[in-house]
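Peer 1: Please read through the structure below; I'll follow up with questions.
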Amino acid sequence: MRDRIRVLHAADLHMDSPFEALSGEKAAIRRSEQRALLGKIAELAREREVDLVLLAGDLLDSGSAYRETAITLRQALAEMETKVFIAPGNHDFFSPRSVWASLELPENVHVFRSNEIECVSLPELDAEVFGAAFTEESCPALLRDFTPPENPEDRLRVLCLHGEVGSGEGKYNPMTEAQLASCGMHYVALGHIHACSGLRRAGDTCYAWPGCAEGRGFDECGEKGVYITEITRSGCSAEFVPIAARQYHRLEVDLSGGKDALEAVVDALPECAERDIFRIALRGETATAPKTEQLRAALSERVFALRLRDETRPETDIWARAEEDSLRGEFLRRMREKLNSASDETARERLLMALRFGLAAMENAEEPRG
Ligand SMILES: [Mn+2]
């Protein structure tokens with residue numbers, strides 16, 4: 001009898017996402033990189049000689065797919081050379097009009113089509129794979145009333161589902177740890193949450209979600225990938241394998257102390273920055289406003305894509321001119337008084353803003369700087 005099986009567990013590829021924050025050209029590159037995930041998953045499945053591939057939903061960002069995506073999907077699934085199970089999620093739910101119904105899928109692929117948990121027996125692996133599909137954008141709590149059937153042959157049991165673990169309330173197949181503990185599975189392969197979970201345990205049930213396999217925005221920063229999970233009757237181990245083509249990063253760069261903006265940003269970039277996508281906030285106190293357009297141009301070759309925000313504040317020695325016998329001096333003195341008696345941080349922020357605008361107006365400058 002098999003005492004273990006090895007599975008590749010992936011979810012939330014969200015293929016054909018719009019990538020609205022990127023230019024049209026770069027968005028198209030990102031979509032082709034999402035498609036390439038399928039080939040990487042197939043390669044990894046062969047390399048690691050996995051027994052099963054479990055795809056826990058939201059493989060597609062919507063009910064439809066570009067022609068290229070449908071072709072790649074069919075090819076890559078066939079190349080996986082093992083049984084592949086797909087549990088459609090809220091973005092790519094199963095319906096008669098969905099890709100899952102219309103696409104002619106290779107024989108090694110089983111797509112769950114009903115929102116009731118079904119069981120597929122795999123006697124050659126001494127295993128059973130359970131699963132279900134979202135059949136619309138929401139899905140009731142599938143584990144709430146689930147009772148595992150008898151398991152007289154002590155088969156390894158795996159459940160592949162899209163859904164979320166927590167209070168048991170919600171629109172997306174919510175489940176509780178107690179329900180997981182009593183569902184009779186050795187491993188529950190989940191999808192839906194985009195940050196990977198790490199291997200978790202509820203009673204004797206191990207469960208995990210790998211997160212999305214390719215970031216799509218600054219709320220999906222860092223390494224993204226899939227799990228290779230070894231499942232035994234007494235427990236599981238899961239290895240996270242990064243497969244994303246690019247990472248998203250959020251950086252804050254402090255320009256206080258008269259630092260050169262370009263130098264400071266370049267210093268802050270990680271290795272392989274040219275591959276990645278950045279949101280950089282410039283912070284700190286500066287004498288003059290950083291020239292963001294120049295900076296963007298200078299950085300364009302060093303990163304794949306960039307969003308740059310100037311959040312610097314004027315240096316506080318703007319008060320140096322408060323003693324002047326001028327309109328500016330008078331304005332500064334009055335503003336200083338108001339700031340000293342500001343009731344809270346919000347009032348202070350507002351006064352600082354007024355100060356910057358006031359000084360800019362007096363200088364006839366376009367940018368409100370001190
Ligand atoms: Mn989802």
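Coordinate-derived values only; no laboratory data. Everything quoted here is computed from the prediction, not taken from an experiment. All Cβ positions, even for glycine, are placed from backbone atoms using ideal geometry, and neighbour counts span all protein chains on display.
Peer 1: Which whole-Hz ³J(HN,Hα) couplings does region 8-14 yield from phi under the Karplus relation 6.51 cos²θ - 1.76 cosθ + 1.60, θ = phi - 60°, glycine and proline marked x?
Peer 2: Values, residue by residue: 9, 10, 10, 7, 6, 6, 6 Hz.
Peer 1: With θ taken as phi - 60° and the coefficients 6.51, -1.76 and 1.60, list the Karplus ³J(HN,Hα) couplings across region 175-183 in order, rounded to whole Hz; mark glycine and proline as x.
Peer 2: Per residue, the Karplus-derived 3J(HN,Hα) values read 9, 9, 4, 5, 5, 5, 4, 9, 7 Hz.
Peer 1: For the pair residue 48 and residue 26, what calculated FRET efficiency results from E = 1/(1 + (r/R0)^6), where r is the Cβ-Cβ distance and R0 = 51 Å, to the nearest 0.05?
Peer 2: The computed FRET efficiency comes out at 0.95.
Peer 1: Please give the contour-minus-distance gain from residue 300 to residue 95: 0.36 nm per residue of separation, less the Cα-Cα distance, rounded to one decimal in nm.
Peer 2: Difference between extended and current length: 69.5 nm.
Peer 1: Under a 5 Å amide H to amide H cut-off, with H placed in plane at 1.01 Å, what residues pair with residue 226 once short-range neighbours are removed?
Peer 2: It is 241, 243, by chain and number.
Peer 1: So what are the ³J(HN,Hα) numbers for region 39-51, from phi and the Karplus equation (6.51, -1.76, 1.60; θ = phi - 60°), rounded to whole Hz, Gly and Pro as x?
Peer 2: Karplus values, whole Hz, x for Gly and Pro: x, 5, 5, 4, 5, 4, 4, 6, 4, 8, 6, 6, 8.
Peer 1: Please list, by residue number, every one of the trypsin sites (Lys or Arg not before Pro) in region 115-205 that is coil in DSSP and has at most 16 other beta-carbon atoms within 10 Å.
Peer 2: 144, 171
Peer 1: Around residue 280, which amide H atoms from residues at least 5 apart in sequence, or from another chain, sit under 5 Å from its own amide H, with H modelled in the peptide plane?
Peer 2: Hits under the 5 Å cutoff: 251, 307, 308, 309.
Peer 1: Also: What cysteines in the chain have no other cysteine with a beta carbon less than 4.7 Å from their beta carbon?
Peer 2: 119, 139, 160, 183, 196, 212, 221, 272, each lacking another Cys Cβ under 4.7 Å.
Peer 1: What shape does region 248-363 take by its C-alpha gyration tensor, where a ≥ b ≥ c are the square roots of the eigenvalues and a/c under 1.5 counts as rounded, a/b above b/c as prolate, and the rest as oblate?
Peer 2: Since a/c reaches 1.5 and a/b is larger than b/c, the shape of region 248-363 is classed as prolate.
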